[in-house]
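Enquirer: Take this structure first; my questions come after.
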Amino acid sequence: MASDLKGKVETEFEIKAPPQKFYQMFRKTAHHLPNAAGDHVQGVDVHEGDWESHGSVKVWKYTVDGKQEWFKEKVEFDDENNMVSMVGLEGDVFQHYRSFKPVYHVVPKGEGSLAKLSIEFERLDANVPPPNKYLNVMVNVTKDMDAHLQKA
């Protein structure tokens, strides 16, 4: 029964930024994300560690469906594959989910990249919908970051 509560939502789409450039924004300059995607991300702060270290803990303030929420995560960097995983520790999502792990993965495609976004999750009960609204936030943040990187 409990396995019915686990799942994954995912999407992929093309962006103009090269994989390394996009990935480095998460890897080294996540504190600039509110500048790039201010409609969706209001703030990100280091709670433990620093901006660049694998295993650092960050607290995000973001907007979903017009409501401000927060999310504390432990970051996992995969430099070889340009992939950032955010293992959820605390935050508003845990009112509905037992586990929550957003993943941003960018791979080369033409002169730009293919952004592969996903959220691995476990719902608290069967009445909780899949976290599609959070995946939509990830898509919007990615598109805003891509536009920001085009200007940089």
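Enquirer: Quick one: is VAL64 open to solvent by less than 80 Å² (accessible area, probe 1.4 Å), at negative phi and in contact with a strand residue (DSSP E or B) (Cβ under 8 Å, 6 or more places away or on another chain)?
Expert: no
Enquirer: Checking the conditions here, which among VAL75, VAL46, VAL59 is under 24 Å from LYS116 (Cβ atoms) and of a type outside the set (Ser, Thr, Tyr)?
Expert: From the options VAL75, VAL46, VAL59, the qualifying one is VAL75.
Enquirer: Continuing with this model, one more query. Please enumerate the residues belonging to the range 1-17 that are in contact with a Pro (Cβ under 8 Å, 6 or more places away or on another chain) and either of a type in the set (Gly, Ala, Ser) or at pLDDT below 95 (or both).
Expert: Once the filter is applied, which keeps residues that are in contact with a Pro (Cβ under 8 Å, 6 or more places away or on another chain) and either of a type in the set (Gly, Ala, Ser) or at pLDDT below 95 (or both), the range 1-17 yields only GLY7.
Enquirer: I'd like the full set of residues that are under 13 Å from TYR62 (Cβ atoms) and either among the charged types (D, E, K, R) or outside any helix (DSSP H, G or I) (or both), limited to the range 132-146.
Expert: LYS133, ASP144
Enquirer: Which number in (1) of a type outside the set (Asp, Glu); (2) on the phi > 0 side of the Ramachandran plot; (3) open to solvent by 60 Å² or more (accessible area, probe 1.4 Å) marks the one condition that HIS54 misses?
Expert: Among (1) of a type outside the set (Asp, Glu); (2) on the phi > 0 side of the Ramachandran plot; (3) open to solvent by 60 Å² or more (accessible area, probe 1.4 Å), HIS54 violates only (2).
Enquirer: Return a yes/no flag: does the range 2-20 have any residue that is under 18 Å from PRO102 (Cα atoms), among the aromatic types (Phe, Trp, Tyr), open to solvent by less than 40 Å² (accessible area, probe 1.4 Å) and part of a strand (DSSP E or B).
Expert: yes
Enquirer: Of all residues in the range 65-78, which are of a type in the set (D, E, K, R) and modelled with pLDDT of 95 or more?
Expert: The answer is LYS67, GLU69, LYS72, GLU73, LYS74, GLU76, ASP78.
Enquirer: Which count do you get for residues in the range 119-140 that are under 16 Å from the mean Cα position of the chain (by Cα) and either under 22 Å from ASP39 (Cβ atoms) or charged (D, E, K, R) (or both)?
Expert: 12
Enquirer: Further question on the same structure: Conditions: (1) modelled with pLDDT under 95; (2) surrounded by 14 or more Cβ atoms within 10 Å (Cβ to Cβ). LEU89 meets all but one. Number of the miss?
Expert: (1)
Enquirer: Got at least one residue in the range 33-48 being over 15 Å from the mean Cα position of the chain (by Cα) and among the hydrophobic types (A, V, I, L, M, F, W, C)?
Expert: yes
Enquirer: Mind counting the residues in the range 97-115 that are buried (at least 17 other Cβ atoms within 10 Å of the Cβ) and either touching a residue at least 60 places away in the same chain (Cβ under 8 Å) or farther than 17 Å from GLU69 by Cα (or both)?
Expert: 7
Enquirer: Now a separate question. Being part of a helix (DSSP H, G or I) and not polar (S, T, N, Q) is the filter; apply it to the range 67-85 and report the residue that is least open to solvent (accessible area, probe 1.4 Å).
Expert: The extreme case among them is ASP79.
Enquirer: Still on this model: Look at the range 21-43 and say how many of its residues are touching a Pro at 6+ places or on another chain (Cβ under 7 Å) and either in a helix (DSSP H, G or I) or open to solvent by less than 50 Å² (accessible area, probe 1.4 Å) (or both).
Expert: Going through the range 21-43 one residue at a time, the tally reaches 2.
The values are calculated or read from the model by the stated rules, or taken from the named source; none is laboratory data. Note that the structure is a prediction, hence the values are computed from the model and not measured. Positions of Cβ are generated from backbone atoms using ideal geometry, with glycine treated the same way; all protein chains shown enter the neighbour counts. Side chains included, ligands, DNA and RNA excluded: accessible areas come from the protein's heavy atoms. Shrake-Rupley method; radii C 1.70, N 1.55, O 1.52, S 1.80 Å.
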